[in-house]
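Just so it is clear, none of the values below were taken in a lab; they were calculated from the coordinates. Quantities reported herein were computed from a predicted structural model and do not represent experimental measurements. Note that each Cβ is placed from the backbone with ideal geometry, even for glycine, and that neighbours are counted across all protein chains shown.
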Amino acid sequence: MVEGGAERALLEARGLTVERGGRAVLRGLDVALASGEVLGVIGPNGAGKTTLLRCLAGLQAPASGEVLLEGRSIQMVPRRELARTVAYSPQETEDRFGFTVRQAVLMGRHPWLPRFGPTPDEEWEGVGAALAALDLEGLAERRVTELSGGEKRRVALARTLAQGGRAVLLDEPAAGLDIRHAILALRVFARRASRDGAGVAVVLHDLNLAAMFCGRLLLLQEGGAAACGPVAEVLTEENIARVFGVRSRMDGGHVRFLEA
């Protein structure tokens, strides 16, 4: 089992197996996420990265194995408590309604809002802080349906940031973002780990961004863990060649890809 460095993991998968269409998408996977760490999940397409995050978020039940949230089966955690504890940002979100950016980010606070009555001022202040963190203040009154793909992605991340949660699960948060906003977004959530003690698990395809922001990496291959541990131990020329099928050279902690 992979330990995250804490006495008890914040989120933990034990023997996680998920099947789809007669094949195993995840195969007996063990992984733990500790408070205060950023765990990068990397691997080729179809390796099981999204499925893992959905299981950790309690959105997909495994065929076998279990997910534990602070030692409890995630399936036994009340939904409102789960939404207050685990914030999940999927790869794709649909914003088909005419909400403003500010209103869309407020939706992240739904688990915390009173069931009746006006939204408290402090909740709007929190929304404003999330907008500022993701460089969205100038778009706050725009309709989400009017935004570019990258802008919509930042709105989704701001909603996840506003939600809070001691565990944060981000599925390809840098997808569709220019490099400045990709770095900005990852820095924001890395601060959630270092400053606020959140456990952050993030799926990334850019190995250099993973090396820059993650303390540990889980390298998935065909639903299993090909490697897991400190960045320098996982991002090796041998592992990259074995799992991704490409030649590379490590240069000062950065991956440089070579011609075939």
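Between R143 and T100, residue separation times 0.36 nm minus the direct Cα-Cα distance comes to 15.1 nm.
Compared with the direct C-alpha span, the chain from E81 to R256 gains 58.7 nm at full extension, assuming 0.36 nm per residue. Between helix 179-194 and the chain there is an angle of about 90 degrees, using the helix long axis and the longest principal axis of the Cα atoms.
For region 199-213 versus region 48-120, the spacing of their alpha-carbon centroids is 21 Å.
Hey, for a label at E222 modelled as a point 7 Å past Cα toward Cβ, could you say which residues of region 30-51 have their backbone N under 15 Å away? Within reach of a label on E222, which here means backbone N under 15 Å from a point 7 Å along Cα→Cβ, region 30-51 contributes 44-48. Our estimate of slack between H205 and M107, defined as 0.36 nm per intervening residue step minus the Cα-Cα distance, is 32.5 nm.
If only the Cβ of Lys and Arg carry +1 and only the Cβ of Asp and Glu carry -1, the dipole of region 175-250 around its Cα centre is close to 280 debye.
Taking the average, over residues, of other Cβ atoms within 10 Å as the packing measure, peptides 39-48, 225-234, 108-117 rank 39-48, 225-234, 108-117 from highest down. Here the spin labels are modelled as points 7 Å beyond Cα on the Cα-Cβ line, and at R8 and A61 they lie 2.5 nm apart.
Over the chain, Cα pairs under 8 Å with separation of 6+ residues give a relative contact order of 25 percent. Of the residues L169, Q103, L186, the one whose Cα sits farthest towards the positive end of the charge dipole of the chain is Q103 (charges of +1 on Lys and Arg Cβ, -1 on Asp and Glu Cβ, taken about the Cα centre). Based on alpha carbons, the Rg and Dmax found for region 87-199 are 13.3, 41 Å. Computed from point charges on the beta carbon alone (+1 for Lys and Arg, -1 for Asp and Glu), the dipole magnitude for the chain about its Cα centre is near 380 Debye. Here is how the number arises for the chain: DSSP H runs of 4 or more residues each give -39500 (n - 2.57), the sum is divided by the residue count, and the result at 222 nm is -9000 deg cm²/dmol. Annotation: region 1-155 has a Kirkwood hydrodynamic radius of 17.7 angstrom, from the mean reciprocal C-alpha pair distance.
For the pair region 142-186 and region 225-251, the centres of their Cα atoms are 27 angstrom apart.
Each of E233 and A129 was given a label point 7 Å from its Cα along the Cα-to-Cβ line. The distance between the two points is 3.5 nm. Remark: spin-label model distance R115-D196 equals 2.6 nm, labels positioned 7 Å along the Cα→Cβ axis.
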